[in-house]
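A short worksheet on the structure shown next.
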């Protein structure tokens with residue numbers, strides 16, 4: 001099925017007609033997509049994402065927690081086990097950081113073949129101001145014993161995955177957990193955490209994909225060996241087959257996205273832009289350092305131009321960019337790609353993995369100019 005718009009032809013997908021075998025989404029994927037949400041890309045106009053626009057992924061259910069009954073328990077290889085109330089944590093000196101979070105599966109639905117899971121396109125992102133207590137201070141109060149290796153974080157959300165009943169658990173090494181900017185967060189954008197974002201307390205690991213920032217935090221346990229829980233050993237891996245253990249997913253790969261120019265076609269989101277001077281804008285970020293360069297192509301990746309970068313105010317937050325484009329009538333495919341301080345540049349081709357992790361290929365936006 002095709003729609004006619006201003007002389008251009010918009011490809012309409014998603015209504016079940018004209019889809020080749022294997023292109024449709026399973027009911028389970030649609031169910032996941034309706035439970036979770038991505039940030040509308042026009043939300044990148046805001047330096048800090050409004051809380052209601054920030055991407056959201058809930059693995060199991062949002063747990064029913066009352067702060068008056070809640071305690072954060074710290075145990076394991078520590079000298080002084082702790083049981084802290086929210087007021088105990090909030091009574092200490094806090095830090096506020098501007099941090100961009102991205103789901104490790106962002107871009108999964110664009111892969112061919114497509115891994116079946118939460119079907120993100122490129123919208124699983126958001127940048128917020130997070131306020132909380134540095135984790136290292138709590139671990140110092142607990143006193144890490146000699147031989148401590150891993151710190152395990154247990155969320156209070158519980159469910160079944162891989163045939164295993166589990167709480168959502170992730171771990172960091174002691175060195176990673178005691179980094180200066182790892183926070184126990186209780187505020188997002190100056191307000192208490194909303195239930196879906198981890199109320200009353202969540203972990204924040206700046207620079208890492210979102211899976212590390214455990215929500216609804218209930219327990220911290222220090223172990224003398226590497227933690228091998230399900231969410232560490234079986235998911236969030238750069239694997240090529242079901243049997244390939246792959247490397248663990250950690251820091252966010254460099255990425256740039258375009259704020260959608262012009263106006264959209266309702267179904268396909270293809271953009272319609274008036275001819276003349278168009279200022280293309282977007283955001284770029286990386287878990288491996290500041291953004292050093294953003295390049296933009298208006299011809300599908302044949303010729304690239306350097307965009308102008310805004311000042312990047314946070315090492316963990318995104319960087320704005322812009323490019324002035326004299327748009328002549330026609331059909332265009334606009335791409336952007338970023339390079340970070342370590343020299344990592346977004347690929348134009350997809351980096352396929354079995355679980356659909358870390359797909360940071362350059363975004364392509366279809367634009368009609370009239």
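Nothing in this text is a laboratory measurement; each read-out follows from the coordinates by a stated rule. All values derive from a computational prediction rather than experimental measurement. Here Cβ is always computed from backbone atoms with ideal geometry, including for glycine, and neighbour counts include all displayed protein chains.
Build a GNM of the chain with springs between Cα atoms under 10 Å: which of 121, 267, 203 gets the top mean-square fluctuation?
Checking each option, the largest mean-square fluctuation is seen for 267.
Peptides 321-329, 75-83: what's the order by average Cβ count within 10 Å, highest mean first?
Put in order of decreasing packing, that is 321-329, 75-83.
Taking 0.36 nm per intervening residue step and subtracting the Cα-Cα distance, what contour gain separates residue 288 from residue 268 on full extension?
Full extension of this stretch gives 3.9 nm more.
Using the reciprocal of the averaged 1/r over all distinct C-alpha pairs, how large is the Kirkwood radius of the chain in Å?
By the Kirkwood definition, the hydrodynamic radius is 21.9 Å.
Using only C-alpha atoms and all pairs of different ones, pull out the Kirkwood radius for the range 153-304 in Å with one decimal.
When all Cα pairs of the range 153-304 are included, the Kirkwood radius is 19.0 Å.
Can you give the calculated 222 nm mean residue ellipticity of the chain, where each DSSP H run of n ≥ 4 adds -39,500 (n - 2.57) and the sum is split over every residue, rounded to the nearest 500 deg cm²/dmol?
Theoretical 222 nm ellipticity from helices: -2000 deg cm²/dmol.
Using a Förster radius of 35 Å, what is the FRET efficiency between residue 277 and residue 121 based on their Cβ-Cβ separation? Nearest 0.05, please.
0.75
Have a look at 227, 354, 266 and tell me which one the Gaussian network model of the chain (Cα, springs below 10 Å) gives the largest fluctuation.
266
For the chain, with a Gaussian network of springs between Cα atoms less than 10 Å apart, report the residue from 347, 245, 40 with the top mean-square fluctuation.
Evaluated over the chain, the most mobile residue of the options is 245.
Semi-axes of the equivalent ellipsoid of the range 27-235: what are they in whole Å, largest first, if each equals the square root of 5 times a C-alpha gyration tensor eigenvalue?
Equivalent-ellipsoid dimensions as semi-axes: 28, 21, 15 Å.
Please give the FRET efficiency for residue 48 paired with residue 146, using the beta carbon to beta carbon distance and R0 = 35 Å, rounded to the nearest 0.05. Display every interim value, and only then the final one.
Details: r = 42 Å, r/R0 = 1.20.
Computed FRET efficiency for residue 48 and residue 146: 0.25.
For residue 61 and residue 187, what does the FRET efficiency come to when R0 = 30 Å and r is the distance between their Cβ atoms, rounded to the nearest 0.05?
Taking R0 as 30 Å, the efficiency between residue 61 and residue 187 is 0.85.
At a threshold of 8 angstrom on Cα-Cα distance, excluding pairs fewer than six apart, so keeping six or more, what relative contact order does the range 81-213 reach in percent?
27
Mind ordering 272-281, 99-108, 291-300 by average Cβ neighbours within 10 Å, highest first?
99-108, 291-300, 272-281
Just report the Cα centroid separation between the range 133-148 and the range 19-91, whole Å.
25
Residue 333 versus residue 160, label points 7 Å from Cα toward the beta carbon: distance in nm?
4.3
Between residue 173 and residue 310, what is the spin-label point distance in nm, taking each point 7 Å from the Cα along the Cα→C-beta axis?
Distance between the two pseudo-spin positions: 3.5 nm.
Please give the length that would be gained between residue 71 and residue 31 if that part of the chain were fully extended, namely 0.36 nm times their separation in residues minus their C-alpha to C-alpha distance (nm, one decimal).
Here the answer is 11.2 nm.
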